[in-house]
Amino acid sequence: MEDIGDYEEVKSLKSLKMEKGLLYETIVTTLNGEGEGNAAPIGVICKSPKEVILYLYEGSHTLSNILATGNFTVNITDDPILFTEATLGDLESDYFIPYSEYLILKGASSFFTATMKKVKSIKRRDRYGESRLFIITADVKRICKGKNFKEPLNRSIYAIIESLINYTRINRVENKGDIIDRILEMKRVVDKVGGSREKMAMKMIIDSLRTKLDQQSNALQR
């Protein structure tokens with residue numbers, strides 16, 4: 001096991017600014033039965049200060065490796081290149097640091113190891129079609145916070161900001177339907193991964209947008 005001196009061990013996911021019920025964008029690293037590493041961007045739900053949930057689709061290397069070994073590491077980073085490279089192809093071995101039965105991603109601002117304790121398989125149909133989804137519940141084992149700690153990413157705040165940008169443009173565009181569609185798509189993201197405050201903010205935006213559009217419609221009818 002290599003030295004990880006740039007990290008300090010903490011007791012709870014709260015120390016990583018992870019809130020119960022929110023989904024965070026992370027990079028999950030796993031090992032297969034032959035000891036080969038894999039990394040993939042995965043949304044991780046914080047169920048409690050020491051418990052997480054993953055939703056993984058059938059056919060992914062991450063799912064196969066977790067089912068085979070029971071172990072995985074959640075790496076927290078805001079590096080766009082790491083997210084991109086982990087999505088577009090397989091990372092080379094020099095991206096990883098061996099850590100007992102786990103792998104750490106080099107450059108992660110923090111990480112925690114986890115062990116699967118329950119798995120459930122369901123069929124799911126969405127706008128992309130039907131697929132088999134595996135819901136993995138895992139106990140968090142060791143939590144390590146880096147000296148260069150960055151808060152984990154949650155897409156809902158970016159969806160709120162994008163919605164506000166589009167909201168400010170509603171008076172200047174002819175095709176208001178396009179703006180409305182963009183905001184409704186951002187609402188879908190917030191409904192999926194956001195917390196109560198993010199959902200409240202999105203409701204405020206949509207309510208204000210409806211009022212603004214009603215006022216413009218009434219003005220045109222005069």
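The values are calculated or read from the model by the stated rules, or taken from the named source; none is laboratory data. These numbers come from a predicted model, not from an experiment. Every residue, glycine as well, gets a Cβ built from its backbone with ideal geometry; the counts of neighbours run over all protein chains shown.
To keep it simple, each residue is scored yes or no on (1) at pLDDT 95 or above; (2) in the same structural domain as residue 23 (by TED's automatic domain parsing); (3) surrounded by 12 or more Cβ atoms within 10 Å (Cβ to Cβ).
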| site | (1), (2), (3) |
| --- | --- |
| 67 | yes, yes, yes |
| 84 | no, yes, no |
| 91 | no, yes, yes |
| 107 | no, yes, yes |
| 110 | yes, yes, yes |
| 123 | no, yes, no |
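If you check residue 150 against the conditions, is it surrounded by 13 or more Cβ atoms within 10 Å (Cβ to Cβ) and either of a type in the set (A, V, I, L, M) or modelled with pLDDT of 95 or more (or both)?
no
Please work out which residue is nearest to residue 138 (Cα to Cα), limiting yourself to region 1-35 and to residues that are free of Cβ contacts under 8 Å to residues at least 40 places away in the same chain and in a loop (DSSP other than H, G, I, E, B).
Looking at residues that are free of Cβ contacts under 8 Å to residues at least 40 places away in the same chain and in a loop (DSSP other than H, G, I, E, B), I get 20.
Report, ordered by the first and then the second residue, all pairs with beta carbons closer than 8 Å, sequence separation of six or more or different chains, a first member in region 52-75 that is assigned to a strand (DSSP E or B), and a second member that is surrounded by fewer than 17 Cβ atoms within 10 Å (Cβ to Cβ) and of a type in the set (Val, Ile, Thr).
These pairs meet every condition: 52/137; 53/135; 53/137; 54/135; 55/135; 71/115.
Which residue pairs have Cβ atoms under 6 Å apart, sit 6 or more places apart or on different chains, and have a first residue in region 88-99 that is in contact (Cβ under 8 Å) with a residue 24 or more places away in the chain and a second that is of a type in the set (Gly, Ala, Ser)?
91/39; 96/37
Against the conditions (1) acidic (Asp, Glu); (2) surrounded by fewer than 17 Cβ atoms within 10 Å (Cβ to Cβ); (3) more than 12 Å from residue 140 (Cβ to Cβ), where does residue 51 fall short? Just the number, please.
(3)
Given the criterion over 26 Å from residue 47 (Cα atoms) and touching a strand residue (DSSP E or B) at 6+ places or on another chain (Cβ under 7 Å), identify the matching residue among 102, 167, 95.
95
Given region 77-160, what strands (runs of 3 or more DSSP E) lie entirely inside it while holding 1 or more residues that are over 24 Å from residue 34 (Cβ atoms) and within 19 Å of the chain's Cα centre (by Cα)?
The strands (runs of 3 or more DSSP E) meeting that bar are 110-126, 129-146.
Identify, from the list 159, 114, 201, the residue that is in the same structural domain as residue 19 (by TED's automatic domain parsing), among the aliphatic types (A, V, I, L, M), crowded, with 16+ Cβ neighbours inside 10 Å and touching a residue at least 12 places away in the same chain (Cβ under 8 Å).
The match here is 114.
Would you call residue 143 within 19 Å of residue 50 (Cβ to Cβ), of a type in the set (Val, Ile, Thr) and surrounded by 15 or more Cβ atoms within 10 Å (Cβ to Cβ)?
Yes.
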